[in-house]
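The values are calculated or read from the model by the stated rules, or taken from the named source; none is laboratory data. Because the structure is a prediction, the values reported are computed rather than measured. Cβ atoms come from the backbone with ideal geometry, glycine included; neighbour counts cover every protein chain shown. Keep in mind that these areas ignore ligands, DNA and RNA; they rest on the heavy atoms of the full protein, side chains included. Shrake-Rupley method; radii C 1.70, N 1.55, O 1.52, S 1.80 Å.
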Amino acid sequence: QFCMLATNARPEDAEWSHVRIRQDLVSIIKDAVDATGSGISISIGERALVRAATTTLARTAAGYADQYPQESRQSSRQRMFESVKGVIDSMETQLRHLEINDGSVAAAKEDK
């Protein structure tokens with residue numbers, strides 16, 4: 001955020017970088033779970049960490065919308081919010097499948 005402000009980026013763009021970083025983190029975690037071999041289980045602690053990352057992403061996006069309501073209504077930001085929502089929904093679905101199947105990645109993949 002500091003680097004963006006130092007390069008004369010608008011404060012709302014610098015603030016959005018917090019959302020993007022968290023969105024990328026959740027996307028990477030999702031890709032890692034997708035690529036996990038079928039004989040592996042995801043522990044309760046690992047699932048809690050994923051849920052914490054997903055929740056933090058949702059809170060950060062909501063905080064941005066509260067802080068910059070006018071900016072949040074612009075069509076370009078609306079598309080970004082939809083992208084964030086898509087990542088959150090996808091990860092939440094994957095977590096539900098994992099929790100139903102007691103962390104078994106193979107069973108969760110079959111359950112989809």
Original post:
Restricting attention to the range 66-112, and to residues there that are at pLDDT 90 or above and of a type in the set (Gly, Ala, Ser), which single residue is nearest to ALA32 (Cα to Cα)?
Top reply: SER90
Subject >> Test set (1) open to solvent by 70 Å² or more (accessible area, probe 1.4 Å); (2) of a type outside the set (A, V, I, L, M); (3) closer than 16 Å to ASP13 by Cβ - ARG59 fails condition number >> reply: (3)
